[in-house]
Amino acid sequence: MTMGPNEELLNYIGGSWRRAGADAWQDVLNPATAEVVAKVPLSEASDVDDAVRAAVDGHRAWRDVPVVERVQPLYRLKALLEEDLDDLARTITVECGKTLAESKGELQRGIENVEVACGMPSLMQGWNNEDIARGIDEHVFRQPLGVVAAITPFNFPGMIPLWFLPYAVATGNAFVLKPSERVPMTTQALFRLIERAGFPPGVLSLVNGGKAAVDAILDHPDVKAVSFVGSTPVARYIYARATANGKRAQCQGGAKNPAVILPDADMDLSTRILADSAFGCAGQRCLATSVAITVGDADGPFKERIVEDAHTRKVGYGLADGVQMGPVISATSRQRISDLVDQGVKDGGNLLVDGRERPMEDAAFRNGFFVHPTVVDGVAPSSTLAETEVFGPVLSIMHARDLDEALALANDRAFGNQACIFTSSGAAARAFRRRVRAGNVGVNLGVAAPMAFFPFSGWGDSFFGDLHAQSRHGVEFYTQTKVVIERWPATWSRQF
Ligand code: NAD
């Protein structure tokens, strides 16, 4: 796609591209250079209403299309996503900052959700009993809700919309997407492919914008369900407002993920995995490890290795060869990260590596929003740095005498997105996985991202709702069950 300061993005409503009615526009920046790469409209309630009306019409016909036919455009979408993977990945890197390999990786995880949703003829089957009483049968059918919407964050523009979209439409709903206004170009490119995949008009719509568009979705009586991924305060707000308006809601929030390192872990491998978890995607993953808890003698060897990794990780433009980590999303975010590190030091932390004031060698990227890997040791468990989501390449280290103490530290937080353990002991790993309070658990893994055929199971302040994204949870979220009890007395027709 073309990119430039004058590239004005469009909404996709009722099967055609439309300019938003909005007067307000926002610049989309390349975080590696701070250059404007496009302008995104901040759509208003009337734009959302247009999209929802088109979706209501689209749904009316779509729900009667047999599920085996409904999945056919998804098969085509998978092929198109694969054909366009390189271009899409470049777009993600340009607007989001991550490396090209990371962009390709997230697209792959998105495509896997399209693949799973192609199995909808089996996934949305109901169940039944013949003869619940003599001559009476009872069935459960799954039916779509109608128009459903998703509101997505900046950090995975290629993957997160696909946590929802394929399941929503394969189950027979019409779907409206409001992507992050900070990374709208990837979605624009995705919808160019959706247009070619052959979904009927109104089945899939795109509305760009910010809070006004979100509020219009939350208040629209024809939107029956809302999926959200983003920060915890917004997740909490969206869950409250959507459910108060009678909608189903599944809202994934922020995170503060601990990882416990036992002395019997393979220290080289564990540190490599943990460094990728803490610093990969510039720490802007909801599954990034943010707090490393060393147990006993693991402390010294782990610190030595993580400090070495933090110093040597190659930071730069995500499109350049060999770069391992890109910038964070904005100047505001960089400042927030820096302030949190300052606070951590004020609260007694010891800066082992300070990556905040390292100018980029290449002058082309001096204005970019770069923060190099940063490591703070001895972070107090109740300090701001220990409790706040940083969403940047900052690893805090705490120390515990034994696994019990490590578990107490790991569980001492409101978030529950992920927890990991590094060990060669099956018994320790089992105790950890049973007792830790997190919905996604990794054993000798740093990013325990559930595959598309498992639910993305955040707990605590990382999730508001009942049914998670992906897999069977997605199918249940986007369908309502209908129970039919039927009697066909033989005397009413011929005898059988
Ligand atoms: P964000 O909460 O700022 O924005 C997410 C979406 O909400 C965007 O589409 C935005 O336009 C909208 N929004 C923002 N403020 C709003 C408001 N006041 N009212 C209504 N809508 C509003 O999140 P972000 O900065 O784009 O993304 C990063 C956050 O997302 C981090 O906290 C990260 O942990 C979280 N995240 C969570 C998961 C998960 O699976 N739990 C996955 C990815 C990201």
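Derivation of every value follows stated rules applied to the coordinates shown; laboratory data play no part. Just so you know, these numbers come straight off a predicted model, no measurement behind them. Quick reminder, even Gly has a Cβ in these numbers, built from the backbone with ideal geometry, and neighbours come from all protein chains shown.
W127 to K39: extension gain in nm, 0.36 nm per residue of separation minus the Cα-Cα distance?
Value of the extension gain: 26.8 nm.
With +1 assigned to the C-beta of every Lys and Arg and -1 to the C-beta of every Asp and Glu, and no other charges, what is the dipole magnitude of the chain about the Cα centre in debye, to the nearest 20? Kindly include the intermediate steps, with their values, before the conclusion.
Values: 49 positive and 59 negative charges, 234 e Å.
Dipole magnitude for the chain comes out near 1120 debye.
Have a look at the DSSP beta bridges in the chain and tell me what percent are antiparallel, nearest 5.
45 percent
Semi-axes of the equivalent ellipsoid of the chain: what are they in whole Å, largest first, if each equals the square root of 5 times a C-alpha gyration tensor eigenvalue?
So the three semi-axes of the chain are 41, 29, 19 Å.
Would you calculate the separation in nanometres between label points at A212 and W488, each defined as 7 Å from the Cα along the Cα-to-beta-carbon direction?
Going by the 7 Å Cα→Cβ label model, 5.6 nm.
What number in nm² do you get for the range 77-209 if you take the convex hull of its Cα atoms and divide its surface by four? Intermediate values should be presented prior to the final figure.
Details: hull surface 36.1 nm².
Seen from a random direction, the Cα hull of the range 77-209 projects 9.0 nm² on average.
Leaving out same-chain residues fewer than 8 places away, which aspartates and glutamates sit with a Cα under 16 Å from that of K303?
D264, D266, D268, D276, D354, D377
Find how many whole Å separate the alpha carbon centroid of the range 226-304 from the alpha carbon centroid of the range 337-400.
With the range 337-400 and the range 226-304 each reduced to a Cα centre, they are spaced 16 Å.
Restricting to DSSP H runs of at least four residues, report the calculated mean residue ellipticity at 222 nm for the chain, -39500 (n - 2.57) per run over all residues, nearest 500 deg cm²/dmol.
Helix contribution divided over all residues of the chain: -11500 deg cm²/dmol.
Give the lysines whose C-alpha is closer than 26 Å to that of K39, dropping any in the same chain fewer than 8 places away, or say none.
K98, K104, K178, K211
Two-decimal Rg/Rh of the range 1-62 from alpha-carbon positions, Kirkwood Rh?
With Rh from the inverse mean 1/r over Cα pairs, Rg/Rh is 1.10.
If you average the sequence gap of Cα pairs under 8 Å that are 6 or more apart and divide by the length of the range 452-496, what percent do you get for the contact order?
Across the range 452-496, relative contact order equals 30 percent.
In Å, what Rg and Dmax follow from the Cα atoms of the range 257-443?
Cα-based Rg and Dmax for the range 257-443 come out at 15.9, 52 Å.
Measuring from the lowest to the highest alpha carbon on each principal axis, how far does the range 14-163 reach, largest first, in angstroms?
Result for the range 14-163: principal-axis Cα extents of 73, 38, 22 Å.
Could you point to the residue in V234, N367, A259 farthest towards the positive end of the chain's charge dipole, with +1 and -1 charges on the Cβ of Lys/Arg and Asp/Glu respectively?
V234
Run the numbers on the chain and let me know its relative contact order in percent, using alpha-carbon pairs under 8 Å that are six or more apart.
Over the chain, the number comes to 18 percent.
To the nearest 20 Debye, how big is the dipole of the range 1-145 about its Cα centre, given +1 on the beta carbon of each Lys and Arg and -1 on that of each Asp and Glu?
180 debye
Quickly work out the D86-to-D342 label distance, labels modelled 7 Å from Cα along the C-beta direction, and quote it in nm with one decimal.
4.5 nm
If you average the C-alpha positions of the range 173-208 and of the range 421-458 separately, how far apart do those two centres end up, in angstrom?
If we compute the Cα centre of each part, the gap is 34 Å.
Work from the charge dipole of the chain (Cβ charges, +1 for Lys and Arg, -1 for Asp and Glu, about the Cα centre) and give the residue of M398, P179, V36 farthest towards its positive end.
The Cα lying farthest towards the positive end belongs to P179.
I need two numbers for the range 132-263: Rg to one decimal and Dmax as a whole number, Cα atoms only, in Å.
According to the Cα coordinates of the range 132-263, Rg and Dmax are 17.8, 65 Å.
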